[in-house]
Every structure is written in structure tokens, then in C-alpha cells.
1. In nm, give the distance between the simple-model label positions of residue 25 and residue 97, each being 7 Å from the Cα along the Cα-to-Cβ direction.
2. Per DSSP H run of at least 4 residues, take -39500 (n - 2.57); add these up for the chain, divide by its residues and hand me the 222 nm value, nearest 500 deg cm²/dmol.
3. What length, rounded to one decimal in nm, is gained on full extension from residue 44 through to residue 70, with 0.36 nm per residue of separation minus their alpha-carbon distance?
4. Considering the chain, what Rg and Dmax in Å follow from its alpha-carbon atoms?
């Protein structure tokens, strides 16, 4: 299997953001960036595809990025650990800055 590197990319009207969730953590929040460029987020909820886990992910990202939750959508991987988020209204540079990646 070929190793695939992910990255934050510009999308129409915003940014596409790859995320991997780790469930059943003691506390939720950002846990860094993996070697393949995927943002790692810890969630208290379990399992990864549960609606509560997806809601927790969106709440965490909303808080970190400083935007309303309705500006963030899971566009791929809603029932998986690896997801793609659409962040409306922010450029790649703005997302990276707010995540502390620049």
C-alpha cells in the first residue's frame, strides 16, 4: 500500500482539513499533526462514527478555529476515524495560523 500524505488545502469558499480522531480520551482537544500531515484530535466520546463523537469534533474545531459550528462540516469519513472537514470562510493560511501550525 502506498503511503499517502495529507495536507490542508484550499477549497471553494474555505478549506478542506484532514483529521484523525482518537476516541475514549480523558480530555478532548488537539493532539498535534501526524507525520502524514493529518491533524490528530482527541475525543472523550466513542466510537469515532457515533453522532456524539462527530458533534464533539465539530465543537472542538469550532472553539479552536474561533468560528461557529455551522461553518464546519464533515464531508468525508463521518463513520470512520479519518475524516475530511470543510471549514467555510477561512483560507488555508488562516486555518494553519489558528491551529498554531505556522
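1. Calculated label separation equals 2.5 nm.
2. Details: 2 runs with 22 residues, N = 102.
It comes out at -6500 deg cm²/dmol, rounded to the nearest 500.
3. On the way: separation 26, 0.36 × 26 = 9.36 nm, distance 2.11 nm.
Residue separation times 0.36 nm, minus the Cα-Cα distance, leaves 7.3 nm.
4. Spelled out, the Cα radius of gyration and Dmax of the chain are 12.6, 38 Å.
Rule-based calculations on the coordinates, nothing more; no lab input. The structure displayed is predicted, hence computed values, not measured ones. So basically every Cβ, Gly included, is an ideal-geometry build from the backbone, and we count neighbours across all protein chains shown.
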